[in-house]
Amino acid sequence: MKSIIRRFKGSRTIPQVVAICIGSLSLLTACVQYAWTSPYIPIITSEDFPGNITFEEASYFTVIPPLTAIGLCAVFSKLADRIGRKRVLILSGPVHFAAYVLIYFGRTVTPFYISRFLSGLGDAILWASLPVYVAEISEPHVRGTWGNVPAISGYVGQVLINVLGSYLHLQTSTILSAIVPVVFCCAFAFMPESPYFLLARGRHEEAQKSLRLLRGGQNCDDEYKQLTRDVNRQLSETGTLKDLFLIKSNRRALFIAVGARAASQMSGIAAFTVHTQYLFEQAGQNISKELSSITFSAVLLVLATLGAFYQDKFGRRPLMIGSCLGCGFILLVETVYFYLNDKTSVDLSGLRWVPLAGMILYLFCFSFGLSLIPSLLVGELFSTSIKANAMIVTNIFFDGFICVITKVFQTLTYNFGLYVPFLIFTVSCFINAIRSYLFLLETRGKTLEEIQQMLKK
């Protein structure tokens, strides 16, 4: 670990890391709002809450954000190509803040619906700009480790809202959560724009200034000249939505990016998230739902943070394959356990520790590959000319998967038992391990232009 940390102590690296960390505050806020429903739907639908909101009405809180993001991601992906990644990303701050204001004053279901719409709007904004911004401002060795900060900040957001929701009143936690988008806007306003975007818009002096700021004021003339050639070559290619599917390199990048996102969603993380308390109970640990959720999200945060520092050591491809295989074998054991527990009379009293132990091992395997690499690949794989359209398609698939997987998981669990969705996730992990072995590119240590040349081979 010390050798890894020493690599990032140079002044050339620090500005890139700072820009990535501040930009990632937008995703921290988004994940706070995404996970907000877990601790607060029971409170809002209780008899003590003044709005008389029913559970049926509150059930739409989880659906509105991804549907909104699907409908609006095209607008902000195009806007990021017109006015810049930085300007679009900073818009997420006021949007998320407005969502908190509505939560604070909400007493009936309508303000909460509008708040959830704004949350989805913020998601559309940041997913159209943040992955691209992080990839374009950072050097390969920085991107390999610190490019995972957005995903890690998302886990921080989940831990934060689980803690706040467990111990604080709705209004109090809302005030504290609303501080984050304010800090993000104030700090990110001083961050430089992506030099890739500035070169693509013909703003060469600004691009050179931005690159110099991101490299700590050091001489970067050679890098600037190479970057100019790379952007000009990429812009010489057509970038329509049709080209995303017709040009082989674009189609290959899309297949890898969407496949990685699908692999993450189909890996079973939702199953463990929803049934954390049940797994603790099976192990004989009678703890509250709140504490089990905090424990789960905190363990995932710690393991994902550790995993981020080893991606450049082992590479994306081996870690993704290993993550899929590890999760697959663990899910297979869990599937057998739940089948025996639900459908047979086999005595499992001596094996009650299996579900909880499986969850911990699963989080270890998930955190080193499936939790981080998909988001990183989205920012790395696409040419400058096609990025806007690529963000539209990948975000539609991502939000669509969230909606479908959540509903399918609930339906299968209710009608057939827990072992059926676990079996589906098991098969999915093994399939995605094979897909990663056959098709996933190793982007470790590669510039964005080098990745484009790999895609063309």
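What follows draws every value from the coordinates through simple rules; no lab data is involved. Just so it is clear, the structure is predicted and the values come from calculations on it, not from any experiment. Neighbour counts run over all protein chains shown; Cβ positions are idealised from the backbone, glycine included.
Take every pair of alpha-carbon atoms less than 8 Å apart whose residues are at least six positions apart; their mean separation over the length of the chain yields a relative contact order of 24 percent. What is the distance in Å between the Cα centres of the stretch 409-457 and the stretch 129-178? Centre-to-centre (Cα) distance: 23 Å. Report which label in [x] 25, 57, 18, 1; [y] 23, 44, 17, 9, 4, 3, 1, 0; [z] 21, 50, 26, 2, 0 holds the value of P(r) over Cα pairs in 20 Å bins from 0, in percent derived from the coordinates of this structure. Here the calculated entry is [x]. The stretch 57-72 and the stretch 83-117 have Cα centres separated by 13 Å. Each of Phe55 and Phe314 was given a label point 7 Å from its Cα along the Cα-to-Cβ line. The distance between the two points is 4.1 nm. In the structure shown, the pairs Lys407/Lys457; Lys78/Lys209; Lys209/Lys457; Lys313/Lys457; Lys248/Lys407; Lys78/Lys313 are assessed against 32 Å; a Cα-Cα span above that value is assigned to Lys407/Lys457; Lys209/Lys457; Lys248/Lys407; Lys78/Lys313.
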